[in-house]
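Read through the structure below, which is laid out as structure tokens, and then see the notes.
All of the numbers you see were taken from the coordinates with simple rules; none came from a lab. Note that the structure is predicted; figures quoted are calculated from it, not measured. Note that we place each Cβ from the backbone using ideal geometry, even for glycine, and neighbour counts take in every protein chain shown.
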């Protein structure tokens, strides 16, 4: 899938979300507590993943942009703090090898993490920071033969920032950028993700 098509998909999804949600007048925002109350929430979105691999030497990533998705379930237990579980899947990247080995595809990049989310503001628009710990799974495939080379899983750290925008007191849009850094054997395969989606408060 080309980079242009991927960007169009993200743009169309954002327009569909905005067009499909009911609006609410600013006059109804007198009680800010409605946006920072305790309770569960769910978030779903699409992700653009950018390969920021390190130590590849003379190898290179063919196309650093890849499409994916994420989902999270969390609980806001303080006006400025929430805890959440996040699942993220990214399609992967093609790596061009310079040596005798065949080119490979880094595929099925799956990251699961437990996050702490801290909100800077508690009104209709809520910028926040995220810190998470979890694990990343990566699978490699030989492009010449189509055979899978190996699958690896290791611990990873997620650091990010974003913003929630409440369209109503229970529905809203979300934009987030995060950096995922696996450690151990996968320490060279860190990546950056930019996600856009919607959330539901319960």
What's the center-to-center distance, using Cα atoms, between the range 184-202 and the range 72-136 in Å? 2 Å
To the nearest 0.05, the calculated FRET efficiency linking residue 149 and residue 83 through their beta-carbon distance, R0 being 35 Å, is 0.45
Kirkwood-based shape ratio for the range 131-202, expressed as Rg/Rh from alpha carbons: 1.15
Gained length - residue 123 relative to residue 142, 0.36 nm times residue gap less alpha-carbon distance: 1.9 nm
